[in-house]
Amino acid sequence: MSDYKAPLADMQFVLRELAGLDDYAQWPGCEDVSADLVDAILDEAGKFAGEVLAPLNAVGDREGAKFAGDAVTTAPGWRAAYTQFREAGWTGLACSPDYGGQGLPMLLYTVVSEIWKSANMAFALCPMLTNGAINALMARGSDALKDRYLPKMVSGEWTGTMNLTEPQAGSDLAAVRTRAEPQADGSYRITGQKIFITYGEHDLTDNIIHLVLARLPNAPEGVKGISLFAVPKFLVNDDGTPGARNDLRCVSLEHKLGIHASPTCVMAYGDNGGATGYLIGEANRGLEIMFIMMNEARFAVGLEGLALAERATQHAVAYARDRVQGFDVAEKNGARVPIIRHPDVRRMLMLMRCQTEAMRALACVVAAAHDRAHHHADAAERERSQAFVDLMIPVVKGWCTETGIDVASLGVQVHGGMGYIEETGAAQYLRDARITTIYEGTTAIQANDLIGRKIARDGGAAARAVIADIGNVVAELLASDDAHCRAIAPLLASGADAMERGTAFICAQWAQDIRVAHAAAFPLLRLFGIVCGGWQMARAALAAQRLLKAGEGDAGFLNAKLVTARAYADQLLSQAPALGHAATSGAASSLQLPEESF
């Protein structure tokens, strides 16, 4: 098992050259954000991830979480690592200072989150969900609920969960049956069962705050009749300490393909009369509130695809350097060589690296837009940035997770037969990655969100704004005196053209034949991801060339960035016209076979 080393050089390049870190100090609420502060935080995060979290990754995969009675025991080393994580203040990095957080921007939280997820995805799921629960409570919770729960959640002393799915419902939340009965004291009695609850029970903290979707009596049918409740594992005393055990319990753990150390729980509420819960926000608007948490979780799961791709790439490179097999094809009578000398292994490693860099760049640019939408002084810029974030959330989630699986699979292939053997560790990244395209809505759900809520709803305006920005980058590439930049230009331009055709197709089909529009959704999402990733790699190439001409930065790193950007264009952007054809011309044919013929 190779060591994990946080890719700080690439992160710092992306933050400064693509995400606009230097602009942050000009925005209200971000005055203290500086390059020195960011570098210090990334350095500490990298050390903690490499020294504490990464060594536990294989342990957690091998040992898993254990269930006995209604208690869950985490893998060896988990509790000590979580205590260190909490005491270092990592949980509150991006949380409000009003409740003990550090109030740092999403951009910084994004790169730090990638580090945790690369080092140990199963561990990172716990603080990820806690952060989402914190933000949902911050957005819609009453002052009393915030005061009761947020200080301990922000400090990491308590964790949080998201309880949506039920056995009969799956992704169809309109079918939720969990009930909430109002009580005289203003609380509610919650009864029902939830499945797939990540860290629904564990031994890391002395309380867990569950955010639970349930129906009030006489609530409207469907999604308009769902409310959201805070349901603590232990009721909270007046002095803030955990009190009596609430009527909820874990009844089993799922046996999964991957992320074995992350307990995925079946939760029962109200077996003995009803669990006490507290309404968050307005009645019957729970799904609206939950989407605050869900959208953040979708972005966070997209980061999991990126993070596992980074870890799989590091692992594959280390193996390719050490594994001696075969001869150099140009020197057949020479000595046997490490497999990194074989052209096809190099091809796979380059595919892994350039896609990972593209995902990181796009995720950070989206995170920076989120920060602009919340902090920029100009209202028009805030609105434009939010439109971009809304458009890109399903792309980051869908494309990065699908690509993370592809990259992890290539990592197994680099190892050859040894990749299929668990002891090498390559298979774990593929197994862990497989859930990411399902978490928080499958790729089809993300694609449907992209075409419906994000493209058809505004007539393609936000998508065309991105296409225009890509066109500006194409013009810069054509004006460059660098051969790599000029070679990228026509490939990026053809990708933008495919995006434009796809956008127009969706807008037309949404009114004419919505089934055809939905059949086009997945290839269109993949098209958007590949082209937007290429857009950021093209910007990276231009920035690298500018720095090289100015004699600034690490020349080796910058020249490598030019090569990876060119490789991405040659290998990935070249696929854009075909994906555009699949979306616009292939959608109808996928629906033509009669149902009984399958």
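The values are calculated or read from the model by the stated rules, or taken from the named source; none is laboratory data. All values reported here derive from a predicted model rather than from experimental measurement. In this analysis, Cβ positions are derived from the backbone assuming ideal geometry, glycine residues included, and neighbour counts consider all displayed protein chains.
Could you please give the count of residues in the stretch 226-259 that are touching an Asp or Glu at 6+ places or on another chain (Cβ under 6 Å) and in a strand (DSSP E or B)?
Residues of the stretch 226-259 touching an Asp or Glu at 6+ places or on another chain (Cβ under 6 Å): 242, 249-250, 258-259.
Filter again for in a strand (DSSP E or B), leaving 242, 249-250.
Within the stretch 226-259, residues that are touching an Asp or Glu at 6+ places or on another chain (Cβ under 6 Å) and in a strand (DSSP E or B) number 3.
Would you check if Gly502 is buried (at least 24 other Cβ atoms within 10 Å of the Cβ), at pLDDT 95 or above and within 24 Å of Met352 (Cβ to Cβ)?
Numbers: buried (at least 24 other Cβ atoms within 10 Å of the Cβ): yes; at pLDDT 95 or above: yes; within 24 Å of Met352 (Cβ to Cβ): no.
The answer is no for Gly502.
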Is the stretch 32-44 home to any residue that is in contact with an Asp or Glu (Cβ under 8 Å, 6 or more places away or on another chain), under 30 Å from His375 (Cβ atoms) and surrounded by 15 or more Cβ atoms within 10 Å (Cβ to Cβ)?
no
State whether the residues of the stretch 335-342 include one that is in contact with a Ser or Thr (Cβ under 7 Å, 6 or more places away or on another chain) and basic (Lys, Arg).
no
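Looking only at the stretch 436-464, how many residues end up being in a helix (DSSP H, G or I) and among the hydroxyl-bearing types (Ser, Thr, Tyr)? Break it down stepwise before answering.
Filtering the stretch 436-464 for residues in a helix (DSSP H, G or I) gives 436-437, 443-456, 461-464.
Cutting the leftovers down to among the hydroxyl-bearing types (Ser, Thr, Tyr) gives us 436-437, 443.
Residues that pass the stated criteria total 3.
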If you go through the stretch 298-318 one residue at a time, how many are within 13 Å of Asn120 (Cα to Cα) and either at pLDDT below 95 or more than 13 Å from the chain's Cα centre (by Cα) (or both)?
3
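So which of Gly29, Gly77, Gly64 ends up being buried (at least 19 other Cβ atoms within 10 Å of the Cβ), in contact (Cβ under 8 Å) with a residue 12 or more places away in the chain, more than 25 Å from Thr356 (Cβ to Cβ) and of a type in the set (Gly, Ala, Ser)? Don't jump to the end; show me each part of the working.
On the way: Gly29 fails: buried (at least 19 other Cβ atoms within 10 Å of the Cβ); Gly77 fails: buried (at least 19 other Cβ atoms within 10 Å of the Cβ).
One residue alone meets the criteria, Gly64.
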Yes or no: Gly192 among the small types (Gly, Ala, Ser) and assigned to a strand (DSSP E or B)?
yes
Might you let me know whether the stretch 199-216 holds any residue that is over 28 Å from the mean Cα position of the chain (by Cα) and over 23 Å from Arg148 (Cβ atoms)?
yes
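Does the stretch 469-478 contain at least one residue that is assigned to a helix (DSSP H, G or I), more than 22 Å from Phe13 (Cβ to Cβ) and under 28 Å from the mean Cα position of the chain (by Cα)? Let's see the steps before the verdict.
First, pick out the residues of the stretch 469-478 that are assigned to a helix (DSSP H, G or I): 469-478.
From the residues that got through so far, the ones that are more than 22 Å from Phe13 (Cβ to Cβ) too are 471, 475, 478.
In the following step, the residues that additionally are under 28 Å from the mean Cα position of the chain (by Cα) were identified as 471.
Among the residues of the stretch 469-478, at least one is assigned to a helix (DSSP H, G or I), more than 22 Å from Phe13 (Cβ to Cβ) and under 28 Å from the mean Cα position of the chain (by Cα), which makes the answer yes.
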Applying the selection to the stretch 326-368, what residues are part of a loop (DSSP other than H, G, I, E, B) and among the hydrophobic types (A, V, I, L, M, F, W, C)?
Val329, Ala330, Ala335
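I'd like to check something: does the stretch 412-435 contain any residue that is in a loop (DSSP other than H, G, I, E, B) and either outside the structural domain of Ala124 (by TED's automatic domain parsing) or touching a Phe, Trp or Tyr at 6+ places or on another chain (Cβ under 8 Å) (or both)? Before the answer, list the steps.
Initial filter on the stretch 412-435 (in a loop (DSSP other than H, G, I, E, B)): 421, 425.
Subset that is either outside the structural domain of Ala124 (by TED's automatic domain parsing) or touching a Phe, Trp or Tyr at 6+ places or on another chain (Cβ under 8 Å) (or both): 421, 425.
Yes; the residues of the stretch 412-435 include at least one that is in a loop (DSSP other than H, G, I, E, B) and either outside the structural domain of Ala124 (by TED's automatic domain parsing) or touching a Phe, Trp or Tyr at 6+ places or on another chain (Cβ under 8 Å) (or both).
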